[in-house]
Structure formats: C-alpha cells, structure tokens
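Colleague: Below is a structure I'd like to ask you about.
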Amino acid sequence: MGQLAIPTSGKVYCDASLFIYTLESHPIYSQYLIPFWHSVQQGQIEVMSSELSLLEVMVKPIRVNNLVLKQQYERFLTGTNLRLIPIDKNILIQAAHLCATFKVRSPDSIHLSTAQECQATMFFTNDHRLRTKTTIPVITVDDLVQP
C-alpha cells in the first residue's frame, strides 16, 4: 500500500475527484484515501476546495436521480471540516491566465487558481497533467497506489 506524505500543518487543496472516489467507494482508490480523511477528521490538516467541486460532484447524482448520493455530497462538502472557497473575480482572472498560458481546461484552471489564492501547501488530485501547471506540490491518488 502506498503512503501519503501529509504535511503536519498547512493547507491541502482537493479537487472533486477525491470526493467522488471517497463517497462512491471507488474499488481501488477509496481504501487509499481513508488515512487522509482520518487526518482531516483529527484536525491535523486543513482541507479546502473550490465551490466548483460542489457542481462537479452533483452532476451524476442529479442525472441518475440518486437523491441519497446527492445529499451525501451536500453534507460532505458543506457540513464537515472541509472549507469551500467561493469563486471570485481574482480567481477567474488567474484561471484565465492559466487557460491562455498552459492550455489548461477551465475547471482545472479554477481549481489551480483557487489553491494558489488560498496559499495551499499541497494540491491533491488524480490528474497527472496538473503537476506542470502550478508551483504548488501536486500529489495524485495514483501516487498512493503505486508502491
């Protein structure tokens, strides 16, 4: 099993994939995220994400009319230690620069800009392409799975 190097202090930014893997019990990834979420519950690290994550995780439950999963996402993203960051003008301007400079997709650019705006010390995702698009250290869930 891979080991996640979680900082003992600081801010960890998560994109929507982590929430999906966790709440939908991904057959491979969810087990590797348990220690991470345990550290969050213990208050060892601060976790944040963009409000955009709420939109991203809600699409599937709404599309398939899964009200239980929709409610689970709402509770998880709004009723836990997770801090949702509003999308403001500064974030959108930074995101536009990322789109123009690095050809990053708009949702990814909003996530990266939000992480930078919040001075995150780590960006947690499963999108390997984002490693070269930010100065924030990026860790992927795949990093945990590979020995």
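Colleague: For region 4-30, enumerate the residues that are in a loop (DSSP other than H, G, I, E, B) and at pLDDT below 95. Give the steps one after another, and end with the answer.
Modeller: Kept after step one, since they are in a loop (DSSP other than H, G, I, E, B), are these residues of region 4-30: 4-10, 15, 24-28.
Within region 4-30, L4, A5, I6, P7, T8, S9, G10, I28 meet the criteria.
Matching residues to (1) over 19 Å from D143 (Cα atoms); (2) crowded, with 16+ Cβ neighbours inside 10 Å:
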residue	(1), (2)
P35	no, no
S53	yes, yes
Q71	yes, no
A100	yes, no
K103	yes, no
A115	yes, yes
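Colleague: Still on this structure: What are the residue pairs meeting all of these: first residue in region 38-51, first residue at negative phi and loosely packed, with under 14 Cβ neighbours inside 10 Å, second residue in a strand (DSSP E or B) and of a type outside the set (A, V, I, L, M), Cβ atoms under 6 Å, and 6 or more apart or on different chains?
Modeller: Close Cβ pairs satisfying both conditions: none exist.
Colleague: Would you check which residues across region 88-130 are closer than 30 Å to Q44 by Cα and among the basic types (K, R) and list them?
Modeller: R129
Colleague: Just for region 75-114: of the residues that are out of contact with any Leu (no Cβ under 8 Å at 6 or more places or on another chain) and charged (D, E, K, R), which one is farthest from R131 (Cα to Cα)?
Modeller: Per the stated criteria, the residue is R75.
Colleague: Hand me the list of helices (runs of 4 or more DSSP H) wholly inside region 31-138 holding 1 or more residues that are within 16 Å of S17 (Cβ to Cβ), modelled with pLDDT of 95 or more and of a type in the set (A, V, I, L, M, F, W, C).
Modeller: Output list reads 52-63, 67-78, 106-117.
Colleague: Mind counting the residues in region 55-69 that are surrounded by 12 or more Cβ atoms within 10 Å (Cβ to Cβ), within 19 Å of T125 (Cα to Cα) and of a type in the set (A, V, I, L, M)?
Modeller: 3
Colleague: Could you check region 106-147 and list, in sequence order, the residues that are within 18 Å of A96 (Cα to Cα), under 11 Å from the mean Cα position of the chain (by Cα) and among the charged types (D, E, K, R)?
Modeller: Matches in region 106-147: D108 only.
The values are calculated or read from the model by the stated rules, or taken from the named source; none is laboratory data. Because the structure is predicted, anything quoted here is derived from the model rather than measured. Using ideal geometry, Cβ is built from the backbone for each residue, glycine included, and neighbour counts are taken over all protein chains shown.
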